[in-house]
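Reading through the structure tokens given below for one structure.
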Amino acid sequence: MDLTALTLHELTDKLRKKEVSSVELTNAFLKRISQVEDKVNAYVTISPDEALKAAKDADARLADGVNLTPLTGVPVSVKDIFCTKGVRTTCSSKILENFIPPFDATAVKKLKDAGAVILGKNNMDEFAMGSSTENSAFFPTKNPWALDRVPGGSSGGSAASVAAGECAASIGTDTGGSIRQPASCCGVVGMKPTYGRVSRYGMIAFASSLDQAGPITKDVLDAALMLTAIAGRDPLDATSIDSPVPDYAAGLKGGIKGLRAGIPKEYFIEGMDFEVSSAVSKAIETLKKLGAEIVPVTLPNTEYAVSVYYLVATAEASSNLARFDGVKYGLRQDGGNLIEMYKNTRDAGFGPEVKRRIMLGTYSLSAGYYDAYYKKASQVRTLIGRDFDAAFKKCDVIVTPTAPTAAFKIGEKTQDPLTMYLSDIFTISCNLAGIPGASIPCGFTKDMLPIGLQILGKRLDETTVLKTAFAYEEAAGWSKKRAQL
Amino acid sequence: MSITPLTKDDVKKVAALARLAETETETYAHQLTKILAHVENLSRVDTTGVEPTAGGSEGDGAREDAVKESLHQATALSNAPQAEKGCFKVPQVV
């Protein structure tokens, strides 16, 4: 049996029944990585020594049978935006190419405390800026379903590693769709929790008011298990929410009879890819058959979301990325004086998309433009939040496509930044409103490219989002399909 | 406000503020103008009296200000491109 094709919860069962040890499992995944990584390029760094050590510890814990969690002994991967103590963390940028963090991100620490085995660090768009993983300073990641296509982004390495069986599950981050859009492109499950649900400590900041960590997994139960492990209040992140973490896995069952599923007309636009819209329409029919009530809702400010996002996110990025200056860590390029050293370092260390966004953010925050751009965008952001408040008075979840198309070809959108930005058109509003959202597989195009269904929920109501996703998954069965490599 | 195309000089000014080298100014001027033209649609929205959203959530605030162990000096300096006598070293400032 190919252990690497199994879900996290199937592996948990095998570990508990002693059918396999964590060391055996870790070796199986390391072998799988060595077999397919040449094609997929999902990892920036593979850490076999640390992984095998963690696996031995997990086996001891499993032998004792105390303090076990569903993650104990299971090999996972982590997006290279999370600091990992003693293991290189690059954010797929040359400016951090040799950065060895002296501490773990809280989400990583929680995975380790739960007994998970971290296999390595996943490739991504540099500083999470992109929707295709082509903006990695090192190499692009390939979509395991079609190697000439992108895996989506920015958490493309995480999604591809899950789809390719190079880990049991992964964690990514989502600022404007960076978990959900790659999950959609790679035919896996991805969840962006409520803003503040998972600590951002040790997660390299892109846009602090939007960034949120979450799981990328083979099925919905796995997503629930991973989220339960990483969520919770953290004194090291003042924006983390002090609300009890439910057992998300326990809340999945029971069906969705009577659930009100809102369908916003603004997300079913003219010119949308036909295969995507028909797959999503069929998924909505399935929800109806499962007993959900389909409710038309309206989110009138949707058309402004991309504009708001690119002003708010770049403004925050221009400030956050000021820390990369060649002084405390990372790359340094010498110059005649301090200012020249900063400029040379940042010029050599940042890729073109990162520079473009820093410049856009610097421009919109600069004297004379602040009111017209940043302030205006923050006001429209309020209106987008109010749209969701109003819609959720009429429904329990909102169902939309995750992305306007299936995975596009490598190189197809790299010439025009704006075209690339529009791949996030359906995922961005969720971050602006701070609400939870998931993407789950809902079919394939005729070329066997995965299509994703997005389910959005009320603030802190991950349970209903996951329950809806679980009911759909059980009825539709798409999550059982695996990419052939 | 309507968009006047960004000039190479505008880009140079922004690059200097952002501590970026002032290269490829023409490409950036063109690309940034295009993006700014797209975000121009926000001017159609009436935001009179609407409070700006400052962040994703209020969160639950700062922790208690208690003394606890932090990184040791050597660890904190372990990634420094240049360090001397327990300090980060930079080119002469004055």
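Quick note: the coordinates plus some simple rules give every number you see, no bench work behind them. Since this is a predicted model, take the numbers as computed values, not measurements. For neighbour counting, all protein chains shown are included, and Cβ atoms are generated from backbone atoms with ideal geometry for every residue, glycine included.
Averaged over residues, the count of other Cβ atoms within 10 Å places the peptides A:375-388, A:45-58 in the sequence A:375-388, A:45-58, highest first. Measuring nothing but alpha carbons in the stretch A:340-435 and taking Rh as the Kirkwood radius, the Rg to Rh ratio lands at 1.07. Highest mobility in the GNM of chain B, judged by mean-square fluctuation with C-alpha springs under 10 Å and restricted to B:23, B:75, B:53, is found for B:75. For the stretch B:1-44, the relative contact order comes to 51 percent (Cα pairs under 8 Å, sequence separation of at least 6).
For peptide A:374-384, the mean count of partner chain Cβ atoms within 10 Å of a residue's Cβ comes to 5. Partner aspartates and glutamates whose Cα lies under 13 Å from the Cα of residue A:56, excluding those fewer than 8 positions away in the same chain, are identified as A:24, A:64.
When its C-alpha radius of gyration is set against 2.2 N^0.38 Å (N residues), the protein assembly as shown gives a value of 0.93.
Mean separation of Cα pairs under 8 Å and 6 or more residues apart, divided by the residue count, gives the stretch A:420-479 a relative contact order of 31 percent. Taking Lys and Arg as +1 and Asp and Glu as -1, the other residues whose beta-carbon sits under 14 Å from that of residue A:152 total +2.
Against the longest principal axis of chain B, how steep is helix B:25-39, in degrees 0 to 90 to the nearest 10, with axes from Cα atoms? Helix B:25-39 sits roughly 70 degrees off the main axis of chain B. Here the Karplus curve 6.51 cos²θ - 1.76 cosθ + 1.60, taken at θ = phi - 60°, turns the phi angles of the stretch B:66-82 into couplings of 9, 6, 8, 5, 10, 4, 6, 3, 5, 5, 4, 8, 5, 9, 5, x, 9 Hz, with x standing for Gly and Pro. In summary, the aspartates and glutamates within cross-link reach of residue B:13, defined as a Cα separation below 16 angstrom excluding same-chain residues under 8 places away, comprise A:340, A:347, B:22, B:24, B:26.
Mind grabbing the base-10 log of I(q)/I(0) for the stretch B:1-44 at q = 0.15, 0.17, 0.27 Å⁻¹? Debye formula, identical points on the C-alpha positions, no solvent, two decimal places. Each listed q maps to, in turn, -0.38, -0.48, -0.90. The amide H of residue A:262, built 1.01 Å from its N in the peptide plane, has A:295, A:396, A:397, A:398, A:399 as neighbours under 5 Å, considering only residues 5 or more places off or on other chains. Of the cross-linked pairs A:109/A:413; A:14/A:257; A:109/B:68; A:218/A:446; A:355/B:68; A:289/A:481, which ones have a Cα-Cα span greater than 27 Å in the structure shown? Where the Cα-Cα span goes over 27 Å, the pairs concerned are A:109/A:413; A:14/A:257; A:355/B:68. Positive contributions from Lys and Arg (+1) and negative ones from Asp and Glu (-1), summed over other residues with Cβ under 14 Å from the Cβ of residue B:44, come out at -2. In this structure, the amide hydrogen of residue A:178, modeled 1.01 Å from its nitrogen in the peptide plane, lies closer than 5 angstrom to those of A:154, counting only residues at least 5 positions away or on a different chain. Going by a ≥ b ≥ c, the root eigenvalues of the Cα gyration tensor, does the stretch A:195-337 fall in the rounded group (a/c under 1.5), the prolate group (a/b larger than b/c) or the oblate group? Here the stretch A:195-337 falls in the oblate category.
The distance between label points at residue A:294 and residue A:113 comes to 4.4 nm (points 7 Å beyond Cα on the Cα→Cβ vector).
With 10 Å bins beginning at zero, the pair-distance distribution over Cα atoms of chain B amounts to 11, 18, 21, 25, 21, 3 %.
Cβ crowding within 10 Å ranks A:342, A:421, A:370 as A:370, A:421, A:342, fewest other Cβ atoms first.
Each of A:204, A:294 was scored by other Cβ atoms within 10 Å of its Cβ. Arranged with the fewest first, they read A:294, A:204. In this label model, residue A:5 and residue A:236 are separated by 3.9 nm, measuring between points 7 Å along each Cα→Cβ vector. For the stretch A:209-307, GluC sites (Glu not before Pro) meeting the loop criterion (DSSP other than H, G, I, E, B) and having at most 15 other Cβ atoms within 10 Å: A:270. For the segment A:37-49, counting C-beta atoms of other chains within 10 Å of every residue's C-beta and taking the mean gives 0. Within a straight-line Cα-Cα reach of under 16 Å, residue A:375 cannot be paired with any lysines, leaving aside sequence neighbours fewer than 8 residues apart in one chain.
Residues A:9, B:30, B:38, B:72 in ascending order of nearby Cβ atoms (within 10 Å, fewest first): B:72, B:30, B:38, A:9.
Our helix-only sum for chain A, with -39,500 (n - 2.57) per DSSP H run of n ≥ 4 divided by its residues, gives a mean residue ellipticity at 222 nm of -11500 deg cm²/dmol.
Taking H as built 1.01 Å from N, whose amide H comes closer than 5 Å to the amide H of residue A:195, not counting residues under 5 places away? Close amide H contacts, sequence-distant or interchain: A:435.
Taking a threshold of 25 Å on the Cα-Cα distance, which of the pairs A:394/A:480; A:142/A:467; A:288/A:458; A:253/A:288 fall above it? From the list (A:394/A:480; A:142/A:467; A:288/A:458; A:253/A:288), the Cα-Cα distance tops 25 Å for A:394/A:480; A:142/A:467. Couplings 3J(HN,Hα) of the stretch A:246-260, computed from phi: x, 7, 4, 5, 5, x, 6, 7, x, x, 10, 4, x, 5, 9 Hz, in residue order, whole Hz [Karplus 6.51 cos²θ - 1.76 cosθ + 1.60, θ = phi - 60°; x for Gly and Pro]. For the peptide A:323-329, the mean number of other protein chain Cβ atoms found within 10 angstrom of a residue's Cβ is 4. Other residues with beta-carbon under 14 Å from the beta-carbon of residue A:368 carry, at +1 per Lys or Arg and -1 per Asp or Glu, a net charge of +1.
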